[in-house]
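For reference, the structure is listed below as structure tokens.
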Amino acid sequence: MRQPIFLVCLLAAVTSAPVAAAARDEPVAAAKAAIDAAVADPRRTPANRQRDRYRHPAETLAFFGVKPEMTVIEIWPGGGWYAEILAPMLRSRGRYIAAAQASGRGRQATEALFASDPARFDKAVLTAFDPKVASQIAPPGSADMVLTFRNVHNFLMAGDAAAAQAFTDFHKALKPGGTLGVVDHRLPENRAAEAERESGYLKRSTIIRLATAAGFRLAGESQVNANPKDSADWPKGVWTLPPVLSQGEQDRAKYLAIGESDRMTLKFVKPAA
């Protein structure tokens, strides 16, 4: 009798494995479908959609692990390049929190965007974030994810204390096990540290240092936003390249051919314990 029982158990194990794998893959596939639909939303600003080839929003958000039922905080959304994707995607089952500047044009741009289309932004929550002071961007331990796109160089340009405070605020807002996603302009590690103060580019090691000091653990990184054409040594720093094109018509074709900056895409986790 032992052999038939053994065979039955073996058969059950073999047949259940694909079912278990399919069950694990299902939420990932559903999240990807939600992200893809949000990126393809025809209501997005045409000028924003044209930047998808540089910023790879679907691949970036999938890498960070965004899901439609999450509470996601975006730092300094400004005119809403990512808000146009995230707010509608999270509207029904999740929560989108825009931690905008405390005042000024950046906050005004976010407020104007939200007011312009209640069908997309009526459930978006607006809070304030200023790296120069401690900021409660959400109730402590309430967010599944904090995302910051091309902002950390601004924090560092405001001073070491401001950069450190920013990561402390992110850590405080996240649940244990929550994710911090960072995209920023990459400075080669062999460049002088002074370049981080004025060029808009940052070393990978600098972001990892700031995140680790705040209590985060590096969980992964992606090259989806890399651009090997960018040498990171332009006359007006990163703003020489699109979309700013600070040099005007001077060498415009050259900079357009390079495209937007070389960017690192780093995923950190707030340890569960």
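Name the residues in the stretch 199-216 that are closer than 15 Å to S261 by Cα and not basic (K, R), would you?
Scanning the stretch 199-216 gives S199, G200, Y201, L202.
Find the strands (runs of 3 or more DSSP E) located wholly in the stretch 52-151 whose residues include 3 or more that are touching an Asp or Glu at 6+ places or on another chain (Cβ under 8 Å), and list them. Let's see the steps before the verdict.
On the way: elements: 71-75, 95-100, 125-128, 143-149.
In the stretch 52-151, the matching strands (runs of 3 or more DSSP E) lie at 95-100, 143-149.
Only one of (1) over 27 Å from A30 (Cα atoms); (2) out of contact with any Phe, Trp or Tyr (no Cβ under 6 Å at 6 or more places or on another chain) fails for N151. Which number is that?
Failing condition for N151: (2).
With the structure loaded, tell me whether A257 is under 26 Å from E59 (Cβ atoms), loosely packed, with under 13 Cβ neighbours inside 10 Å and touching a Lys or Arg at 6+ places or on another chain (Cβ under 8 Å) or whether it fails that test.
yes
With touching a Phe, Trp or Tyr at 6+ places or on another chain (Cβ under 8 Å) and not charged (D, E, K, R) as the only criterion, which of G220, G159 stands out?
Numbers: G159 fails: touching a Phe, Trp or Tyr at 6+ places or on another chain (Cβ under 8 Å).
That would be G220, the only listed residue that is touching a Phe, Trp or Tyr at 6+ places or on another chain (Cβ under 8 Å) and not charged (D, E, K, R).
Does R204 satisfy the criteria of being closer than 30 Å to K229 by Cβ, surrounded by fewer than 23 Cβ atoms within 10 Å (Cβ to Cβ) and touching a Lys or Arg at 6+ places or on another chain (Cβ under 9 Å)? Break it down into steps so the answer makes sense when it comes.
Working: closer than 30 Å to K229 by Cβ: yes; surrounded by fewer than 23 Cβ atoms within 10 Å (Cβ to Cβ): yes; touching a Lys or Arg at 6+ places or on another chain (Cβ under 9 Å): yes.
Answer is yes for this residue.
List every residue pair whose Cβ atoms sit under 8 Å apart, with the two residues 6 or more apart in sequence or on different chains, where the first one lies in the stretch 55-70 and is in contact (Cβ under 8 Å) with a residue 60 or more places away in the chain and the second, anywhere, is crowded, with 20+ Cβ neighbours inside 10 Å and polar (S, T, N, Q).
Listed by first residue and then by second, the contacts come to R55/N225; H56/N225; T60/N225; T60/T265; F63/T265; F64/T179; G65/T179.
Just wondering, is there one or more residues in the stretch 211-218 that are among the polar types (S, T, N, Q) and either touching a Ser or Thr at 6+ places or on another chain (Cβ under 9 Å) or in contact (Cβ under 8 Å) with a residue 12 or more places away in the chain (or both)? Lay out the reasoning, then the answer.
Narrowing the stretch 211-218 to residues among the polar types (S, T, N, Q): 212.
Subset that is either touching a Ser or Thr at 6+ places or on another chain (Cβ under 9 Å) or in contact (Cβ under 8 Å) with a residue 12 or more places away in the chain (or both): none.
No; the residues of the stretch 211-218 include none that is among the polar types (S, T, N, Q) and either touching a Ser or Thr at 6+ places or on another chain (Cβ under 9 Å) or in contact (Cβ under 8 Å) with a residue 12 or more places away in the chain (or both).
Sort through R191, R150 and tell me the only one that's of a type in the set (K, R) and more than 22 Å from R107 (Cα to Cα). Steps first, answer last, please.
Numbers: R150 fails: more than 22 Å from R107 (Cα to Cα).
Result of the check over R191, R150: R191.
Going through the stretch 207-252 one residue at a time, which ones are polar (S, T, N, Q), under 27 Å from K175 (Cα atoms) and either modelled with pLDDT under 95 or surrounded by fewer than 16 Cβ atoms within 10 Å (Cβ to Cβ) (or both)?
The answer is T212, Q223.
The values are calculated or read from the model by the stated rules, or taken from the named source; none is laboratory data. Keep in mind it's a predicted model, so treat the numbers as computed, not measured. Here the Cβ is made from the backbone with ideal geometry for all residues, glycine too, and neighbour counts use every protein chain on show.
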